[in-house]
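Asker: There's a structure below that I have some questions on.
The values are calculated or read from the model by the stated rules, or taken from the named source; none is laboratory data. The model shown is predicted, which means the values in this text are computed figures rather than measured ones. So basically every Cβ, Gly included, is an ideal-geometry build from the backbone, and we count neighbours across all protein chains shown. Areas reflect the complete protein model, heavy atoms only, side chains present, ligands, DNA and RNA absent. Shrake-Rupley method; radii C 1.70, N 1.55, O 1.52, S 1.80 Å.
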Amino acid sequence: MAQALDDATLVGQSMSEPELFATLFDRHADEIFRYAARRLGPELAEDAVGEVFLAAFRGRARYDRTRPDARPWLYGIATNVVAQHRRAERRRTQAMARLAPDRPGSFDERSADRVTAEQLQPRLAKALTRLSAAERDLLLLVAWADLTYEDVALALDIPVGTVRSRLHRLRTKVRRALGGADPFREEPEHG
């Protein structure tokens with residue numbers, strides 16, 4: 001049964017049985033969609049996911065089958081697809097930076113965390129537009145895709161030490177732009 005196989009085995013077997021690649025899609029498409037939607041907006045995310053999995057399918061012969069989890073590989077492809085949509089992303093984040101935060105309407109929406117997040121959103125979006133594409137990719141793979149430093153290193157094909165040092169500098173830069181607030185959490189606990 002294909003569901004019981006790890007990603008590397010699925011990719012390998014899909015070379016002779018291409019329909020098995022659909023299991024990889026079923027396993028990871030929702031996660032890649034959420035990442036693409038946060039980077040590009042939901043209107044472009046579906047197309048981006050299609051592009052990611054088409055590129056993955058076409059490039060599956062080059063997949064490193066010593067890696068049982070295909071997520072870093074797929075996020076690397078997704079990062080490249082996002083780069084192709086960079087202008088749309090830049091326009092979207094610039095528009096978000098110009099928006100004033102909405103006031104919460106109901107009692108449930110009045111929690112301190114929500115109000116703080118709403119107030120930070122335009123400043124955060126503005127701070128993200130000031131980062132280079134490579135800086136944004138690194139930061140958002142940790143913050144939004146919930147990848148470990150090691151997985152980010154695999155996705156971006158850079159050493160893990162580089163991920164750590166760049167992320168430290170980026171957090172400082174973003175924190176400064178937000179007046180000391182840090183909306184990004186520390187390294188993920190898993191993996």
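Asker: Within the range 165-191, restricting attention to residues that are surrounded by 14 or more Cβ atoms within 10 Å (Cβ to Cβ) and assigned to a helix (DSSP H, G or I), which residue is modelled with the lowest pLDDT?
Answerer: Among them, the one singled out is 177.
Asker: Check residue 76 against each of (1) in contact (Cβ under 8 Å) with a residue 60 or more places away in the chain; (2) more than 26 Å from residue 123 (Cβ to Cβ); (3) open to solvent by 50 Å² or more (accessible area, probe 1.4 Å) and name the one condition it does not meet.
Answerer: (3)
Asker: Filter the range 1-24 down to the residues that are polar (S, T, N, Q) and in a helix (DSSP H, G or I), then identify the one that is most open to solvent (accessible area, probe 1.4 Å).
Answerer: So, considering only residues that are polar (S, T, N, Q) and in a helix (DSSP H, G or I), the one most open to solvent (accessible area, probe 1.4 Å) is 3.
Asker: Quick one: which residue in 58, 71 is among the basic types (Lys, Arg), farther than 25 Å from residue 94 by Cβ and surrounded by fewer than 19 Cβ atoms within 10 Å (Cβ to Cβ)?
Answerer: Step by step, each of 58, 71 is checked, and only 58 is among the basic types (Lys, Arg), farther than 25 Å from residue 94 by Cβ and surrounded by fewer than 19 Cβ atoms within 10 Å (Cβ to Cβ).
Asker: Take the range 130-164 and flag every residue that is farther than 17 Å from residue 31 by Cβ, open to solvent by less than 50 Å² (accessible area, probe 1.4 Å) and β-branched (Val, Ile, Thr).
Answerer: Matches in the range 130-164: 158, 162, 163.
Asker: Further, regarding this structure: Considering only the range 128-164, state which residues are in a helix (DSSP H, G or I), of a type in the set (Gly, Ala, Ser) and within 18 Å of residue 82 (Cα to Cα).
Answerer: Within the range 128-164, 133, 134, 143, 153, 155 meet the criteria.
Asker: Still on this structure, I have one more. Mind telling me which of the residues 89, 46 ends up being among the acidic types (Asp, Glu), open to solvent by less than 70 Å² (accessible area, probe 1.4 Å), modelled with pLDDT under 95 and assigned to a helix (DSSP H, G or I)?
Answerer: 89
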